[in-house]
1. Do you know which residues across region 27-80 are assigned to a helix (DSSP H, G or I), open to solvent by 70 Å² or more (accessible area, probe 1.4 Å) and at pLDDT 80 or above?
2. Please enumerate the residues belonging to region 254-265 that are open to solvent by 70 Å² or more (accessible area, probe 1.4 Å), touching a residue at least 12 places away in the same chain (Cβ under 8 Å) and either in contact with a Gly (Cβ under 9 Å, 6 or more places away or on another chain) or farther than 15 Å from A231 by Cβ (or both).
3. Name every residue in region 212-225 that is touching a residue at least 40 places away in the same chain (Cβ under 8 Å) and open to solvent by 50 Å² or more (accessible area, probe 1.4 Å), in order of residue number.
4. Where in region 147-191 are there strands (runs of 3 or more DSSP E), lying wholly inside it, with at least 2 residues that are open to solvent by 20 Å² or more (accessible area, probe 1.4 Å) and either among the aromatic types (F, W, Y) or in contact (Cβ under 8 Å) with a residue 12 or more places away in the chain (or both)?
5. So how many residues does region 213-238 have that are part of a helix (DSSP H, G or I) and within 16 Å of R174 (Cβ to Cβ)?
6. So L294 ticks every box in (1) modelled with pLDDT of 85 or more; (2) of a type in the set (A, V, I, L, M); (3) out of contact with any Leu (no Cβ under 9 Å at 6 or more places or on another chain) but one. Which box is left unticked?
7. Of all residues in region 243-267, which are within 23 Å of R209 (Cβ to Cβ), outside any strand (DSSP E or B) and in contact with a helix residue (DSSP H, G or I) (Cβ under 8 Å, 6 or more places away or on another chain)?
Amino acid sequence: MLNAQDYLIFANAARLGSFAAAAERLGVSNSHVSKHIAALEARLGLRLFSRSPRLLLTDAGQTLLKDADQLRDVCERVERRAQALQREPVGVLRLVLPPVLARRVVQPALPAFLAAHPGLAVELFVQQAGLPAFAEGVDVVLTLGELADSAMVCQRLGNFDLLVVASPGYLQCRSAPQQPADLAEHNCLLTRFPTVEQPASWQFVAGERVEVVTVGGNLSVNDMDMCLDMAERGMGATVVPAVFAHAALRAGRLQQLLPDWRIATRPQLSMLYHDRVLQSRGLAALLAFLQETLARCFVDD
């Protein structure tokens, strides 16, 4: 059986002219070097060194040294590349995340991340929730809620604060609600998924007061980003995470409704990834980037 270490020790001892020098360079003992040289000679059935009065290569040793040098060079090149991989992340990373996070949070920050890590490439797969069918090949999944049945590590990133918003154009036709119960008379745009039962209700809290309002409207979608866009177009009122509405609120495209009340529900965002003992630097860099980028989406719990 090929033992590369034997040949590496042989090449170093031959080039340095002594077992002691080879041991010092390799960080091993003299006896370790002698043992491997003896094992190599026994396995090959050849005498590689003449040991008296000083260490010299035999004719067989001279013949084999060139090949052993090449093996040593290959091994050292592999070591240098491995060290470079430890210093600078490289490779392709696959990230699955909801559309609204992809467009409004991750996409604006992604160019700077890739510029800082030129050895990395990112493949984004946009879907609403849960694990994709090809989860085995995915590095990171961002999803609402925890996936208890997943083999991946689930890290809770935080909870979204929700706002009720509508466009100024919509409010020109409908007076702004003064109490949560007034929303029953409004066209409410709903973000809805197959697991959510009908009818939809929004729970509001103000101090000790709690009100639950059954709402409805002429549009429900399973894409929060589309729901927000339809609200900006004047179709109705909707509930969205505050972080996604900030730009439209500042620009005047949306107005917050019922500012003295808060939505009791605070959806949780979770990040799932494989628990690898030797986690790649690329994956570690992506996880750190996502944690930092998404941190601004959440308020303190």
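1. Keep residues of region 27-80 that are assigned to a helix (DSSP H, G or I), which gives 30-44, 59-80.
Right, trim to open to solvent by 70 Å² or more (accessible area, probe 1.4 Å) and you get 30-31, 35, 42-43, 59, 62-63, 66-67, 70, 77-80.
Once the filter is applied, which keeps residues that are assigned to a helix (DSSP H, G or I), open to solvent by 70 Å² or more (accessible area, probe 1.4 Å) and at pLDDT 80 or above, region 27-80 yields N30, S31, K35, A42, R43, D59, Q62, T63, K66, D67, Q70.
2. Within region 254-265, D260, R262, T265 meet the criteria.
3. Selection gives N222 alone.
4. By residue number, 153-159, 162-166.
5. 3
6. Going through (1) modelled with pLDDT of 85 or more; (2) of a type in the set (A, V, I, L, M); (3) out of contact with any Leu (no Cβ under 9 Å at 6 or more places or on another chain) one by one, L294 breaks only (3).
7. L258, W261
The values are calculated or read from the model by the stated rules, or taken from the named source; none is laboratory data. Just so we're clear, the structure is a prediction, and the values are computed from it rather than from any experiment. Note: ideal-geometry Cβ built from the backbone for every residue, glycine included; neighbour counts use all protein chains shown. Heads up: the accessible areas ignore ligands, DNA and RNA and are worked out on the full protein's heavy atoms, side chains in. Shrake-Rupley method; radii C 1.70, N 1.55, O 1.52, S 1.80 Å.
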